[in-house]
């Protein structure tokens, strides 16, 4: 007798999956401008017979929720991926070519599907959409609800200085907004590339703006060299010394705060994201101030105010006048009460690959992913998906094989059948 799993998996067509990946990924949706992708996905869900809701703070940044209603009595499962990609065409100071085709679309070469949107994160998204469609086409009833969610704003821009408003408030208008407005389930599986490993741990984020101050601005002809770097009256110059010391501090930070648990090893890094100082149109004037913008990836329960004090002490140790501001904080989380979902992932993975699923290695649990949002809300959440780890680390080969996506869709379908058809305990 054919099992429900076999009936569902027989409905997953590899070529249809490839077509869906390419269709979704060729809708350009950089952070801040996800509307077109949201409209495409909602239209697809409606066409496939899923009930839809759009939850968004502003129309340009929607979160789309598709639901397959259960018959009752089972656990509910929510799949999640993000629609936004990087970079937008305004990122001219962080990318040499912010219009590079690899970052804004997708194409197929044999078994490979290329393009950054495929990897991050609409390839995995297409896998759970395909899995849900297969369950529906097979006519298999689920006891619990199955939610299919695609969100804006996962990549993590934060408002700072003059860069304000919803277009920059990624983590406030995406998954967090969606959960706050009713898209909840008993468990959440965040579909991201993990090289077929699993984790239920992700880092948080703490962003600091460090500003140095010097004497009143004056013109270049009045400079009286030589100066030490630290005492140069142009704040841009001592900023170079501070950045050098921040690099040393960053290594100490990650060694001191490495977090090891069954979900993986979180190695919290420090990123120097931007430097500002002076006016490019007033180059003859020295600058009275300069700022560096620093992001700390944080393990759960890190005291971010203690880190602020450490950064203040670092500035003072150089004999510089400065100010440290905490401009953004998002706590990292390790999931609790996750065993049921982990068992379902392990069994589905084992059925396909004939081995137990392993926890992630490398940086995969040392970054922000929206799994944090669900775990923060008390919804046990894990992340699992396709990908080749070396490619993810280097971002040199920004593509996924169709075979790996096909395998992922099979695992997602099997997990959904398992979780949603278990009797929910009172």
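The values are calculated or read from the model by the stated rules, or taken from the named source; none is laboratory data. Note that the structure is a prediction, hence the values are computed from the model and not measured. In this analysis, Cβ positions are derived from the backbone assuming ideal geometry, glycine residues included, and neighbour counts consider all displayed protein chains.
Listed here are the residues, each with its yes/no results for (1) in a loop (DSSP other than H, G, I, E, B); (2) surrounded by 14 or more Cβ atoms within 10 Å (Cβ to Cβ); (3) in the same structural domain as residue 211 (by TED's automatic domain parsing); (4) without any contact (Cβ under 8 Å) to a residue 24 or more places away in the chain.
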position	(1), (2), (3), (4)
224	yes, no, yes, yes
233	yes, yes, yes, no
239	no, yes, yes, no
242	no, yes, yes, no
255	no, no, yes, yes
280	yes, no, yes, yes
Is there a residue in the range 413-425 that is without any contact (Cβ under 8 Å) to a residue 12 or more places away in the chain and outside the structural domain of residue 153 (by TED's automatic domain parsing)?
yes
All but one of (1) surrounded by 24 or more Cβ atoms within 10 Å (Cβ to Cβ); (2) more than 13 Å from the chain's Cα centre (by Cα); (3) in a loop (DSSP other than H, G, I, E, B) hold for residue 196; which doesn't?
(1)
Working only within the range 19-57, note down all residues that are surrounded by 19 or more Cβ atoms within 10 Å (Cβ to Cβ), over 16 Å from residue 152 (Cα atoms) and in contact with a strand residue (DSSP E or B) (Cβ under 9 Å, 6 or more places away or on another chain).
21, 22, 44, 45, 50
Would the range 304-321 turn up any residue that is touching a helix residue (DSSP H, G or I) at 6+ places or on another chain (Cβ under 8 Å), closer than 27 Å to residue 407 by Cβ and either assigned by TED's automatic domain parsing to the domain that holds residue 230 or part of a strand (DSSP E or B) (or both)?
no
Out of 46, 96, sole residue that is without any contact (Cβ under 8 Å) to a residue 60 or more places away in the chain and not in a loop (DSSP other than H, G, I, E, B)
46
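Yes or no, residue by residue, for (1) touching a residue at least 24 places away in the same chain (Cβ under 8 Å); (2) in the same structural domain as residue 140 (by TED's automatic domain parsing); (3) under 29 Å from residue 274 (Cβ atoms); (4) part of a helix (DSSP H, G or I):
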| site | (1), (2), (3), (4) |
| --- | --- |
| 41 | yes, yes, no, yes |
| 58 | yes, yes, yes, no |
| 70 | yes, yes, no, no |
| 88 | yes, yes, yes, no |
| 105 | yes, yes, yes, no |
| 125 | yes, yes, no, yes |
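Determine whether residue 176 is surrounded by 21 or more Cβ atoms within 10 Å (Cβ to Cβ), part of a helix (DSSP H, G or I) and touching a residue at least 40 places away in the same chain (Cβ under 8 Å).
Against the criterion (surrounded by 21 or more Cβ atoms within 10 Å (Cβ to Cβ), part of a helix (DSSP H, G or I) and touching a residue at least 40 places away in the same chain (Cβ under 8 Å)), residue 176 qualifies.
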Working carefully through the options 88, 152, find the one that is touching a helix residue (DSSP H, G or I) at 6+ places or on another chain (Cβ under 9 Å) and within 30 Å of residue 209 (Cα to Cα).
152
The range 382-405: number of residues that are modelled with pLDDT of 95 or more, in contact with a strand residue (DSSP E or B) (Cβ under 8 Å, 6 or more places away or on another chain) and in a helix (DSSP H, G or I)
2
Within the range 257-278, the residues that are more than 13 Å from residue 332 (Cβ to Cβ) and part of a strand (DSSP E or B) are 260, 265, 270, 271, 272, 273, 274, 275, 276, 277
